[in-house]
1. Using Cα atoms only, what is the angle between the long axis of helix A:245-255 and the major principal axis of chain A, expressed in degrees (0 to 90) to the nearest 10?
2. Could you put A:136, A:34, B:156 in order, starting from the residue whose Cβ has the fewest other Cβ atoms within 10 Å?
3. Which lysines have a Cα lying under 28 Å from the Cα of residue A:145, excluding residues fewer than 8 positions away in the same chain?
4. Going Cα to Cα from residue B:227, which lysines come in below 21 Å? Please leave out same-chain ones fewer than 8 positions away.
5. Using the crude model of +1 on Lys and Arg Cβ and -1 on Asp and Glu Cβ, and no other charge, please compute the dipole size for the protein assembly as shown relative to its Cα centre, in debye to 20.
6. With the Cα gyration tensor of segment A:2-219 giving a ≥ b ≥ c as the square roots of its eigenvalues, does the rule (a/c under 1.5 for rounded; else a/b larger than b/c for prolate; else oblate) give rounded, prolate or oblate?
7. Tell me the label-point distance for the pair residue A:121, residue A:241, using the 7 Å Cα-to-Cβ offset, in nm and rounded to one decimal.
8. Taking a cut-off of 14 Å between Cα atoms, list the aspartates and glutamates near residue A:31, but don't count ones fewer than 8 places away on the same chain.
Amino acid sequence: MNVVVCVKQIPDPADPGELDPESKTLKRDVKLILDESDSYGVEMALQLVDSAGGGDVTLVSMAPNNEVSGLRTALAMGAAGAVLVSDEALAGSDSLSTAKVLAKAIGRTEADLIITATESSDGYTGTVPAQIAELLGLPSVTFAKEINISGSTVAVKRQTETGYLEVECPMPCVVSVTAGVVEPRYPSFKGIMAAKSKPVDEVTCADLGIETDAVGWSGARQEIIGIDRAEEREAGEIIEDEGEAHERIISFLEELKVL
Amino acid sequence: MDFELSDDQEALRDGVISVLEGRFDSATVRSMSGQPGAIDRTRWTELAETGVFSLALPEDEGGLGLGWADTAIVYEQLGRFVVPGPLVACALAAGLVDGVAEGSTIVGLIEDRADADSQIVIEHAAGLDAVLVLRPEGVDQIALDSLDLDYPDIPLDALTPVGVCRSLPAGTRIAQGDSAARMTTIGSVLTAALQLGLAAGATELAVAYASEREQFGKVIGKFQAVKHLCADMISRVEVARAAVYFAAVALDDPTVGDAAHAASVARIVAGDAASANGRDCIQVHGGMGYTSEVDAHLFLKRAWVHETQFGSLEHHEESIAASM
């Protein structure tokens, strides 16, 4: 079974990033790392391929420059290779343009299953997985907390606010996984050294038959019109217990739908 | 000599840091004092699977075929995270004792020296499967159950509990004298790398506290007395790093210099850096530094433990003096 995992390389969240005041987007002229939310998808793909008894995990990513440091991390985990769409024209791509590019890149592979994160840690649109599925004409299952393969059918436990749904769909399909559902493995030193020689198929928009004015800033259908600081978190509510505090706590938990 | 790390070495360093950050955070390391010999076997196996003990092992023996310089870079980080266990012993025993490279067998190591007193101390004894004895004429393997061990209740370092015995059986010879001499030099360099890591870790802890703790309306790091302590600490780290890296390179390439001599230099400089930085880290923390809750004591106690391994400070000083 061959699984494609869409991964994003992002500035290290541990290093406070900067916003470009002109483009109102994150500056990306720093060393990029594998988005942690993608590491769950990579791990799940590796486990599925292991369970299937054979096959490969292939990464698909895009970047305006030819950055591969984040891809190397996923390759060191065990992915067999990667397709990297690298083109300056991609700078400023919105989520739909991103999905179009990734869908074209996925088309270069023979995927039985396409796994993505639910959303990236630097963009948070959360729309790319379903857009890729639509563009490829494949079924889409989102918020997967568990994936099981049986023959040519994928069974997914789909996380909801109140529990999970059990859904099935035929493969190939696009499944987005939630963070924290598996524990991503740490790359071994052997994996790290082997990752250097694993193939990264670097392609441009032209290679994929994509017009450069259809992506990036020129092709974006969304515009960031302003940036504001996130609001300070409000102070917590202090409940003085006069014998009824437990009722307030219960109603608070009910408001959060925890109970 | 250029000691800038190559891309591969940076990848190794970053790789081990990610494992250590995820699996050997301070709370986890502290909790290991409750394990036999302060060794968490699950995490030990994870270290082995990462390749920590087999970096220098030839590829046809299941290792990575890298050098001791690469191993030293990884061991520096193990020291920085105060990882407990017979780390150096297992790096030396990988390839000699089955299961050590994979983490399923854990061995300790002692030196059977003529100048040793009658009490033989075996670190992490309660968590070991076997002990290697470095003797001038060779390396012997002794099964742990053949030793008559006592376990002191209160070790100096809770993360380095020891067993003590009065005598050692002969054991099974697994390597000859030239291997024993080579292993002693390698062990010395890897111990120096651990000491370097301790010195660096203590510096980071002290600087973080000095940048956060406020007194008289400003962070204490702005006071000269504290600033100078921190500056001395980082100076010791940088000097120690140069000495340790040079010794590790000399292990891989004898044309660079005499490895045994370089190892002694590294032990003196890195040993001083670890101990002095451990003390200064406590000093920067003030009264808090003396409490068990602050990690500062972990660095200092481990530094004292390493001072006794692969030759004392005096031994290495005499060794250098004799070569001049």
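Taken together, the values in this text are just the output of simple stated rules run on the coordinates, not laboratory data. In this text, all values refer to a predicted model and were calculated from it rather than measured experimentally. Cβ sites come from the backbone with ideal geometry, for glycine too, and all protein chains shown count toward neighbours.
1. 30
2. B:156, A:136, A:34
3. Partners within reach: A:8, A:100, A:104, A:157, A:257.
4. List returned: B:218.
5. Its charge dipole is roughly 540 debye.
6. Cα axes put segment A:2-219 in the rounded bin.
7. In this crude spin-label approximation the distance works out to 3.8 nm.
8. List returned: A:12, A:15, A:18, A:67, B:7, B:10, B:14.
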